[in-house]
Every structure is written in C-alpha cells, then in structure tokens.
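A.B. asks: Okay, handing you the structure first.
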Amino acid sequence: MSWVDVGAAAALSEAAPLSVEVEGVHLIVVRCGKDGESLGEAEVEDCQVICPRHGAHFCLRTGEALTPPAYEPLRTYRVREQDGRLQVEGPEGP
C-alpha cells in the first residue's frame, strides 16, 4: 500500500474531522487525543465519532460500534503526519 497526501496537518483539530477522498473512498481524518449519510459533519468527543444521522458512537482507534443503532464497525485506515502534511495509507483494492 502507498501513502496518500490529504492536506496540511494544521487543517485538522481534535474537534473537527477533515473530509477527504482517497482512491475513490470517502474518509474522515480525525485527530484523537490520548486523555469525534457521511460522517464528514460528525462530532468528535472523547476519541469517539458520533454519527450525525443516527447518533451512534464509534471508537476512532478501532472503528468499533459503541452504541446502537450501529452494530457493525467502521473501517479504519492508518494516518501519519510527515513534514507538516497528513498522509493516509491507501485503501486496498477489490
């Protein structure tokens, strides 16, 4: 797999996800502290993303569904910061 540049690291905060498209897959990139239809407008709180449509909570580290009505996990991707840029590990092909 290859790393894909998705923008400046400064564009990302712990409170607001960054919506991006990588190889035709719509993703959100979220900065998760250690102590947030599309999830592009989702809230981020305590290292969880909250679905704006149904209110389900998902773990940002693992994608695990934490509350109903969601029971299936979200797919997660590795992200790194390099030279002030955010990079996402490209999704696997079909």
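A.B. asks: When region 56-94 is examined, which residues are found to be open to solvent by less than 80 Å² (accessible area, probe 1.4 Å), over 16 Å from the mean Cα position of the chain (by Cα) and over 26 Å from Ser2 (Cα atoms)?
C.D. replies: Matches in region 56-94: Thr67, Pro69, Ala70.
A.B. asks: Mind checking which residues of region 64-94 are among the polar types (S, T, N, Q) and either in a loop (DSSP other than H, G, I, E, B) or over 13 Å from Val29 (Cβ atoms) (or both)?
C.D. replies: Matches in region 64-94: Thr67, Thr76, Gln82.
The values are calculated or read from the model by the stated rules, or taken from the named source; none is laboratory data. Predicted model only: the values in this text are computed from it and were never measured. Glycine gets a Cβ as well: all are built from the backbone with ideal geometry, and neighbour counts include every protein chain shown. With ligands, DNA and RNA removed, areas are computed over all heavy atoms of the protein, side chains included. Shrake-Rupley method; radii C 1.70, N 1.55, O 1.52, S 1.80 Å.
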